[in-house]
Amino acid sequence: MKAKRILLAASVALFMIAALASTGSAQLGKFGYVDSDKIFANYKDWVKAQEEFNTEYKAWDEEARQMQEELDEMVAEFEKQKLILSPDKKKEREAAIDAKRQALDAYTKQIFGPAGEAERRNNALVKPLLEKINAAIERVATEGNYDFIFNSGGLAYAKKDFDITDKVLEALEEE
């Protein structure tokens, strides 16, 4: 969905550029480019947030690794002893292994799954920084009188005067 929005924004921007260029008296707008990777690498708050997230992620990963090791040890021990265990003891050990496996699966889903703790934490750290970055882009665009600013993902800023979304919606409704 995000890729479609970026593609649509880039298409609209290219269409507007072509439209502006095709009108003989129209002046081509002022354009800029933002290197997102450079911003992420050099924006101290972003680097700090990534380091904080990586530290938390490593702790979660270590916990999952320890749980996996415990499960592997339980399975290995069971495999060594299963021939001499009574049927009741076998069932008991199998149930313990199954419970350990379910706990590991639940932990993995809770932390690393979709909308899991890792994703929520990363979003909590990154969202305010992205808002600051976008505000800075808009401020630079406004102060520098830019019409469009692009980044590696597509359009990062467009002057509101060029927004034709309502016209497109009206055209769609007319069909």
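The values are calculated or read from the model by the stated rules, or taken from the named source; none is laboratory data. It should be emphasised that the depicted structure is a prediction, and the values quoted were computed from it without experimental measurement. A quick note on method: Cβ atoms are made from the backbone with ideal geometry, for glycine too, and the neighbour counts reach across all protein chains shown.
Data overview
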read-out	value
Failed item, numbered, when Glu51 is tested on (1) surrounded by 12 or more Cβ atoms within 10 Å (Cβ to Cβ); (2) in a helix (DSSP H, G or I)	(1)
Qualifying positions in the stretch 133-167 - part of a helix (DSSP H, G or I) and touching a Ser or Thr at 6+ places or on another chain (Cβ under 9 Å)	Ile133
Count of the stretch 123-164 residues which are over 26 Å from the mean Cα position of the chain (by Cα) and either of a type in the set (Val, Ile, Thr) or more than 30 Å from Val47 (Cα to Cα) (or both)	6
From Ser11, Ser25, residue being hydroxyl-bearing (Ser, Thr, Tyr), assigned to a helix (DSSP H, G or I), at pLDDT below 50 and out of contact with any strand residue (DSSP E or B) (no Cβ under 6 Å at 6 or more places or on another chain)	Ser11
Residue check for Ile149: among the aliphatic types (A, V, I, L, M) and outside the structural domain of Gln50 (by TED's automatic domain parsing)	yes
